[in-house]
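To start, the structure itself, in structure tokens.
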Amino acid sequence: MSPRCVRYLIFCFFLVFSTSIFCGTPGTLKWSIRPETSNIPSVAIGKNGIIYATGGPRIKAINPDNGSIIWSFSSGTVVFHASPVILADGSICAAGSDLKLYVVRPDGTLKWSKPDVASFSCEVATNSEGTIFSVISNKLHCLSIDGDIIWTYVADDSAISNPVIGNDGTIFVSGASPRTLYAINPDGTLKWKKTYPWAGGNSYDDPAVLGIPAIGNNGRVYVGDSRGYLREIDGATGNLLYEFWFIDRSSMVYQPVILANGNIIIGCANAAVNRYNAGSNMPVSFFTQGAVTSTPAIGSDGTIYFGVSYQVTYHTYYFYAVSSGTMQEIWKYYVGHQMSSSPAIGKDGTAYVGTQDGYLYAIYIENTDYQKNSPFPKYRHDNYNTANSMYNTYIKCQPSVYNYGNVNLGTK
């Protein structure tokens, strides 16, 4: 082999593996910026590594190398409180404070907006076909990628959680009524609605509302509540399978994540991250200096990453890396600002996390991806924030009032 060929092969090797070779020391800062003065919710990351962030009056595209803003989109005084979601065509979708849904092209120009279809505080869900599911008040809307309403489901009470797409295309939404969960078929008809009894027969759980669901193995649904209980539910029937609880009944309404081995990780308002093992209702806990009001991310080696928010005394606000196996600290990085944003992991070995006062931090970590075979490894499932546990499949949404036949399932 000629020297030129050898040099070319070496160049290709470094080009392919540069993201892992040139990562910084885990637990150290890559960069931080303050593009806003209000909360930066969980970011989305595109295939090219570009970070998309909301919070404040702008949707922003950010360079992952140095934190510089590539472009920003604004619409007058509209504020974007919810996380951005990347659709199948690469456009970015976010709900505004004016109850409009905004879709912006990858170059930062407006593609379309639609009024009265999205709650300002809720992210949409989307499938691989680009179909959008959004909640507002007591309505769940199904929209095409071009913004046309396909169907609308009207619930008995207001929806309070972001929609999540199950393994068979079912859309799950928690209701405002205590302990109530809806499952909606892909054609917009009700699959089931359940109001669950007090967890453990404890009347303390009476007013509890359910949080954001996550989807585990075999289509099982995991959802915490505001009184410190976590439920395992059969996604097909809505039947309650198991109840988990925490010692002091502190709120666990934050979206859980599920390890490849089926164990569940969830944050707790009383300064803890809990791991629940199958068949054991008491958790293995890691206690933090601050409430964990967000969803951890699971790295490829099983490390979980998360930040903390409210503290009564210390006000230190660390970003943690914890072993999911031992539930022991690996390292922590001092941020100094409250984090209710859930982290996202970039392919360059960086965790991106926002703070409540408008900062975005890029922190070097050990991993360049999420845990393989984890059915739900981060907030909203993936770096596009699709909340789609099917992810690489698509589902055809058809209005139930039309005789289009059965819902079509298939793989792309």
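The values are calculated or read from the model by the stated rules, or taken from the named source; none is laboratory data. Computed from a predicted structure; not experimentally measured. Note: ideal-geometry Cβ built from the backbone for every residue, glycine included; neighbour counts use all protein chains shown. Areas reflect the complete protein model, heavy atoms only, side chains present, ligands, DNA and RNA absent. Shrake-Rupley method; radii C 1.70, N 1.55, O 1.52, S 1.80 Å.
Of THR316, THR326, THR293, which residue is assigned to a loop (DSSP other than H, G, I, E, B), open to solvent by 50 Å² or more (accessible area, probe 1.4 Å) and of a type in the set (Val, Ile, Thr)?
On the way: THR316 fails: open to solvent by 50 Å² or more (accessible area, probe 1.4 Å); THR293 fails: open to solvent by 50 Å² or more (accessible area, probe 1.4 Å).
Only one candidate passes the filter, namely THR326.
Per the conditions (1) closer than 18 Å to PRO256 by Cα; (2) at pLDDT below 95, the sole criterion not satisfied by THR316 is (1).
Note on segment 97-189: enclosed strands (runs of 3 or more DSSP E) holding 2 or more residues that are open to solvent by 50 Å² or more (accessible area, probe 1.4 Å) are 110-114, 149-154.
Set side by side, the residues ASP65, ASP89, ASP116, ASP98 differ, and just one is modelled with pLDDT of 95 or more, farther than 27 Å from ILE149 by Cα and of a type outside the set (Phe, Trp, Tyr), which is ASP65.
If I ask for residues that are closer than 25 Å to SER177 by Cα, among the hydroxyl-bearing types (Ser, Thr, Tyr) and touching a residue at least 24 places away in the same chain (Cβ under 8 Å), which ones from segment 127-154 would you list?
As a first pass, look at segment 127-154 and keep what is closer than 25 Å to SER177 by Cα: 132-142, 151-154.
Within this subset, residues satisfying the condition of being among the hydroxyl-bearing types (Ser, Thr, Tyr) are 134, 137, 152-153.
Hits for segment 127-154 are SER134, THR152, TYR153.
Whenever a residue of segment 13-40 is under 19 Å from ILE62 (Cβ atoms), its partners that are at pLDDT 90 or above and open to solvent by 90 Å² or more (accessible area, probe 1.4 Å), lying with C-beta atoms within less than 8 angstrom and at least six residues away or across chains, give the pairs THR19/LYS347; ASN39/HIS81.
Among the polar types (S, T, N, Q), in a loop (DSSP other than H, G, I, E, B), open to solvent by 30 Å² or more (accessible area, probe 1.4 Å) and within 23 Å of ILE92 (Cβ to Cβ): which single residue out of GLN356, GLN338 fits that description? Walk me through how you get there before you give the answer.
Details: GLN338 fails: within 23 Å of ILE92 (Cβ to Cβ).
So the residue among GLN356, GLN338 that is among the polar types (S, T, N, Q), in a loop (DSSP other than H, G, I, E, B), open to solvent by 30 Å² or more (accessible area, probe 1.4 Å) and within 23 Å of ILE92 (Cβ to Cβ) is GLN356.
Are any residues in segment 86-96 in a loop (DSSP other than H, G, I, E, B) and of a type outside the set (D, E, K, R), and if so, which ones? Spell out how you get there, then give the answer.
Residues of segment 86-96 in a loop (DSSP other than H, G, I, E, B): 87-91, 96.
Within segment 86-96, LEU87, ALA88, GLY90, SER91, GLY96 qualify.
In the list ASN281, ASN270, which residue meets the criterion of being modelled with pLDDT under 95, open to solvent by 50 Å² or more (accessible area, probe 1.4 Å), under 15 Å from PHE306 (Cβ atoms) and not in a strand (DSSP E or B)?
That would be ASN270, the only listed residue that is modelled with pLDDT under 95, open to solvent by 50 Å² or more (accessible area, probe 1.4 Å), under 15 Å from PHE306 (Cβ atoms) and not in a strand (DSSP E or B).
Reported count of residues in segment 44-63, each being over 14 Å from ALA95 (Cα atoms), in contact with a Phe, Trp or Tyr (Cβ under 8 Å, 6 or more places away or on another chain) and assigned to a loop (DSSP other than H, G, I, E, B), is 1. Pairing each residue of segment 57-80 that is without any contact (Cβ under 8 Å) to a residue 60 or more places away in the chain with any residue that is surrounded by fewer than 18 Cβ atoms within 10 Å (Cβ to Cβ) and of a type in the set (Gly, Ala, Ser), provided the two are 6+ apart or on different chains, yields C-beta distances under 6 Å for PRO57/SER74; ARG58/SER72; ARG58/SER74; LYS60/SER72; TRP71/GLY108; PHE73/GLY108; VAL78/SER97; VAL79/SER97.
If the requirement is being touching an Asp or Glu at 6+ places or on another chain (Cβ under 7 Å), surrounded by fewer than 23 Cβ atoms within 10 Å (Cβ to Cβ) and under 22 Å from SER342 (Cα atoms), which of these qualifies: GLY27, GLY90, GLY67, GLY49? Quick ask: steps written out before the conclusion?
Values: GLY27 fails: touching an Asp or Glu at 6+ places or on another chain (Cβ under 7 Å); GLY90 fails: touching an Asp or Glu at 6+ places or on another chain (Cβ under 7 Å); GLY67 fails: touching an Asp or Glu at 6+ places or on another chain (Cβ under 7 Å).
Going through GLY27, GLY90, GLY67, GLY49 in turn, just one is touching an Asp or Glu at 6+ places or on another chain (Cβ under 7 Å), surrounded by fewer than 23 Cβ atoms within 10 Å (Cβ to Cβ) and under 22 Å from SER342 (Cα atoms): GLY49.
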